[in-house]
Structure formats: structure tokens, C-alpha cells
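These notes concern the structure reproduced below.
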Amino acid sequence: AHIRLFCTSTSVLPPSLRWYDPLAHGLTDIGPSPEWARVRPILGVDMDVPAAVFVVTAQVGPQVAKYGERGGRFMLLEAGSWLGAWQAETARMGLGGVVIGAFQDRALLRLLGPHVSGHGHAPGDVASEHVVAAVYAIGWPAS
């Protein structure tokens, strides 16, 4: 699985789109963060601007090639593990978090950029196709 991060408005990180690089164990800039007004309808939510939105994407082809039909299940299990870890950490930090499940898959992939949206690949190229497995928004709870 691949982690993408929309940083919307925070004093720690400037608004940007980042990718978690597991080899460097850090965030790598991908580009500017889209405006929340553009992201909100794609995520199907009606909420104030969160501090960050985590998006778990995965490539279907390599998982299915290696594990057969179970590859899809393994991707979802891994995404669920990330969600559980994020929920535990946001609670520990006194932040709020919400799992988002009503998103528009293709529109969200387009926002993430050509490296995950399928642009430049042949239609139906399953080996390079990414899917969105999970979305999690974090922020400060209302006081």
C-alpha cells in the first residue's frame, strides 16, 4: 500500500500533497495541496477543513499476481491496519479523526496526480492501476 497525505492547513507543515516513502521513512513532496472546497465534494463530506487527510492507495496488479484473488483482501487488511494505527494515535494526541468511505474513487485518484491516476497507461492496464483503499481525515475536535 502507498500512503498519500493532503496537508490542508497546519502550523507544522505547509499545505501540500505528500507521499510517505517507506525506504526513507519520511514524507516526500508531490505538489501543492488542492483547495479543500475542491476536495470536500470528492470525499463526500461536509466538514470544516481538517489538518490533514491520509489516503491509502494500492496497485492491484502486483498484489493479484503474487497472491491471486487474496491479493485484494490483503490490500484491504493492510489499509485497515493503517486506519487502526491512525485512530489510536489521533486519540492519544487528543485529536479527532474520521474514516471517510463515500469518496469518488477516480476523481480522488486524479487529484493525487498522474503517478496514481492511470494517466499515461493503456486503458485496463491492471498491473499499473491504483485503487483507493482508505481515507482518514484528522484535525482538532470542536471545543
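The values are calculated or read from the model by the stated rules, or taken from the named source; none is laboratory data. This structure is a prediction, so every number in the text was calculated from the model and none was measured. So basically every Cβ, Gly included, is an ideal-geometry build from the backbone, and we count neighbours across all protein chains shown. We work out accessible area using only protein heavy atoms, side chains counted, and drop any ligands, DNA or RNA first. Shrake-Rupley method; radii C 1.70, N 1.55, O 1.52, S 1.80 Å.
Annotation for Ala102 and Leu77: the two label points, set 7 Å from Cα along the Cα-Cβ direction, are 3.1 nm apart. Figure legend: label point modelled 7 angstrom from the Cα of Arg38 along Cα→Cβ; residues of the range 72-114 with amide N under 19 Å from it are 103-114.
A probe of 1.4 angstrom, applied to the heavy atoms of all protein chains, finds Leu95 with accessible area near 40 square angstrom. Over all other residues within a Cβ to Cβ distance under 15 Å of Ala85, the charged ones net out to -1, with Lys and Arg as +1 and Asp and Glu as -1.
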